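Below is one structure, written out as structure tokens, with a few remarks after it.
Taken together, the values in this text are just the output of simple stated rules run on the coordinates, not laboratory data. These numbers come from a predicted model, not from an experiment. Note: ideal-geometry Cβ built from the backbone for every residue, glycine included; neighbour counts use all protein chains shown.
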Amino acid sequence: MKILSYISRIIVGVLFIFSGTVKAIDPLGTVYKLHDYFQAFNIAFLDNFCLPLTILLCTLEFIGGISVLFNLRFRTGIWIVFFLMLIFTPLTFILALTNPVSDCGCFGDAIHLSNWQTFLKNIFLIVPVIFLFISRKEIPPHKGITREWVTASIIIVFFVAFIFYNLRYLPVIDFLPYRTGTYIPEKMIIPEGKQADKYETTFIYEKNGDRKEFNLDNYPVNDSTWKFVDQKSVLVSKGYQPPIHDFNITTMNDEDITEQILSSKGCTVLMVSKKLDEADHGLLVKGFELGYYCLGNHIDFYILTASGSVEINSFNNGLQFCRSDETTLKTMIRANPGYILLKEGTIIAKWSWANLPEKEKVIGMITKQ
């Protein structure tokens, strides 16, 4: 019985510690995932609670795992773990059936699991959790209740501080495809032998008021009596998806400059603000000052955003604003605004608004490349 208890504590403790830790390393990733779920289930009014819920969730997972693994207020810890499993096991079953968001996010961006894989993981995990919960009174507590509570409280304080550090200064471990040192074009290639997504395209043509659907083999390419109306593309089979598959940058005049930026022989600074109106105005001004300084030193500087034209035009400060997909910008850097230094398509450095060096130091770093 003791051996079974030890094995169960190790399995439950390690998994919960790992789950809580990877969420704490990239808390904004979990915030974005909760936002996706709230949108999918039409409860967007909860969006303002995404960050507090993220902090609460990963802290409960981490301290619950620590408690179970190291017998630190074990009975309290197993109650936390049991409560979380009671909520998330049926919830992941619903998510597996409905699939509103493809990746559950339970292990952040460190390990991607489908909703069915997550549900099966919870089914496997709930067995040792129930065993430990039923036998919780048989595991003797450590001596010194006060000492245990003080220890647990200190762990929680340091863990929450760790979460806020990652929120402010970027994740200490970058699990995303745009990590420092990445050569972006290489991550956009589908390797030889890998199949791309396969789509079936249907063309809709009209003649004499009648509409008919054609495929690529029989559409009336040489019959001018048929007038093209529309086309539909349906995903037939999911193929290999490269780590970076949606990196696209266009100017306000709809000119695609992605290749121009990636192939530039000199250094390029990208200021990333997924939504300009969500960023602090003072922080944006600091970024704009860096932009003027870069241009004055003949260094390319672009501002990437998913904001609308009205918001972008309200600045009209002479800098080059470009459009990019909001999800892509969130994936590129976990900060608003954040900064990426590129050279010939390789990410040299990344900074959040909080640890952006003085503009003279940025230029000094660039001149050494």
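Relative to the longest principal axis of the Cα atoms of the chain, the long axis of helix 27-40 makes an angle of roughly 70 degrees. About its Cα centre, the range 103-218 has a charge dipole of approximately 720 debye under the convention of +1 per Lys or Arg Cβ and -1 per Asp or Glu Cβ, with nothing else charged.
Of 211, 136, 147, the residue with the greatest mean-square motion in the GNM of the chain, using alpha carbon springs below 10 Å, is 211. Residue 204 sits among other residues whose Cβ lies under 12 Å from its own Cβ, and their net charge, with Lys and Arg +1 and Asp and Glu -1, is +1. Seen from residue 135, the other residues with C-beta closer than 13 Å to its C-beta sum to a net charge of +4, counting Lys and Arg as +1 and Asp and Glu as -1.
Taking amide H atoms as placed 1.01 Å from N in the peptide plane, the amide H of residue 231 lies under 5 Å from those of 204, each 5 or more residues away in sequence or on another chain.
Computed from Cα atoms, the angle from the helix 281-296 axis to the main principal axis of the chain rounds to 50 degrees. Counted by Cβ distance under 13 Å from residue 291, the other residues give a net charge of 0, where Lys and Arg count +1 and Asp and Glu count -1. Averaging the Cα positions of each part gives two centres, and for the range 44-121 and the range 256-278 these lie 35 Å apart.
Annotation: the residues 35, 281, sorted from fewest to most other C-beta atoms within 10 Å of their own C-beta, follow the order 281, 35. Give me D for the range 198-237 in µm² s⁻¹, whole number, from Stokes-Einstein with Rh from the Kirkwood sum over alpha-carbon pairs, 37 °C and 0.692 mPa s. Value of D from the Cα-based Kirkwood radius: 310 µm²/s. Straight-line reach only, C-alpha to C-alpha below 18 angstrom: list the lysines that residue 359 could link to, leaving out same-chain residues fewer than 8 apart. Answer for residue 359, where 18 Å is the Cα cut-off: 286, 343, 350, 368, listed by chain and number.
Dipole magnitude for the chain: about 1880 debye, using +1 per Lys or Arg Cβ and -1 per Asp or Glu Cβ, origin at the Cα centre. Residue exposure proxy: 271, 188, ordered by other Cβ atoms within 10 angstrom of their Cβ from fewest to most, comes out as 188, 271.
Within straight-line reach of residue 238, meaning a Cα separation under 19 Å, sit the following aspartates and glutamates at least 8 residues removed in sequence or on another chain: 103, 192, 197, 200, 246. Ordering 107, 139, 208 by Cα displacement along the dipole of the chain toward the positive end leaves 139 in first place; charges were set at the Cβ atoms of Lys, Arg (+1) and Asp, Glu (-1). As a proxy for reagent exposure, 362, 269 were ordered by neighbouring Cβ count within 10 angstrom, fewest first; the result is 362, 269.
Classify the chain from the C-alpha gyration tensor, please: rounded if a/c falls under 1.5, else prolate or oblate depending on whether a/b exceeds b/c.
Oblate.
Can you list the lysines whose alpha carbon is less than 27 Å from that of residue 137, not counting same-chain residues fewer than 8 positions off? Within the straight-line limit of under 27 Å, residue 137 reaches these lysines: 2, 121. Considering only 97, 313, 331, and ranking their Cα positions along the charge dipole of the chain that arises from unit charges at the beta-carbon of Lys, Arg, Asp and Glu, the one farthest toward the positive end is 97. When the chain is treated as a Gaussian network with alpha carbon springs shorter than 10 Å, the biggest mean-square fluctuation among 87, 244, 348 belongs to 87.
Within the range 178-253, the GluC sites (Glu not before Pro) that combine a DSSP coil assignment with at most 12 other C-beta atoms in a 10 angstrom radius are 192.
Comparing mean-square fluctuations of 240, 178, 302 from a GNM of the chain with C-alpha springs under 10 Å, the top value falls on 240. Its Cα gyration tensor gives the range 55-160 an equivalent ellipsoid, and the semi-axes of that ellipsoid, as √(5λ) in whole Å with the largest first, are 29, 17, 9. Measuring nothing but alpha carbons in the range 291-369 and taking Rh as the Kirkwood radius, the Rg to Rh ratio lands at 0.95.
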